[in-house]
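Visitor: Input: one structure, supplied below.
The values are calculated or read from the model by the stated rules, or taken from the named source; none is laboratory data. From a predicted model like this one, the values you see are computed outputs, not experimental measurements. Note: ideal-geometry Cβ built from the backbone for every residue, glycine included; neighbour counts use all protein chains shown.
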Amino acid sequence: MSEAASAGNYLTFTLDGELYAVRVSRVREVLGYSRITRLPKAAQYLKGIINLRGSSVPVVDLRMKFGLAGRAEGEASSVVVMELPSAEGGLVVGALADEVHEVLEIAGSSIEPAPRFGTRLAAAFIEGVARRDEDFIILLDVERIFGEDEAGELAGAAQAEAAPV
């Protein structure tokens, strides 16, 4: 088990029928799906921005980011709003999830290292894999998913939209 994958509370959600989780300490809130304003010339996985109490928050489609099959947003879709470290300080970003489930306390003894092959998702994005009964939960490392370059791009997208015209 890597140092990053450790016991703690994780928010679970599904993407393309698979169960994923992120550390609760990174999650600010979960929103129902709302209108997303698309941005010109943005990366394909950047769906656009939403207005969150007067602030522009970039929203990322994790399915596209991970190379999974696309899906039309529906009533069950949610936006998981997370706070990530960035060079400019904290960055708030939303991530589309097919469905958000629950917060689980995951014991360190149930976490295994990310497999080096055979996963649909790049191992670099995975902290580890937790076993729960007969199911597996893929624990995501959001700091690696949104590296410094992408965090800067997302911050720039939110700031550009917030700038007065």
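Visitor: Hey, can you tell me all the residues within region 13-44 that are touching a Leu at 6+ places or on another chain (Cβ under 6 Å) and either more than 25 Å from GLY89 (Cβ to Cβ) or not β-branched (Val, Ile, Thr) (or both)?
Guide: LEU15, ASP16, TYR20, ALA21
Visitor: Ok, one more. Taking the stated definitions as given, is ILE137 at pLDDT 90 or above, touching a Phe, Trp or Tyr at 6+ places or on another chain (Cβ under 6 Å) and closer than 18 Å to VAL22 by Cβ?
Guide: no
Visitor: Kindly provide the set of residues from region 22-35 that are within 16 Å of the chain's Cα centre (by Cα) and assigned to a loop (DSSP other than H, G, I, E, B), ordered by number.
Guide: TYR33
Visitor: Among the residues of region 118-134, which ones are at pLDDT 80 or above and out of contact with any Asp or Glu (no Cβ under 9 Å at 6 or more places or on another chain)?
Guide: ARG132, ASP133, GLU134, listed by residue number.
Visitor: Surrounded by 14 or more Cβ atoms within 10 Å (Cβ to Cβ), of a type in the set (Gly, Ala, Ser) and either modelled with pLDDT of 90 or more or within 16 Å of GLN44 (Cα to Cα) (or both): is that true of SER86 in this structure?
Guide: no
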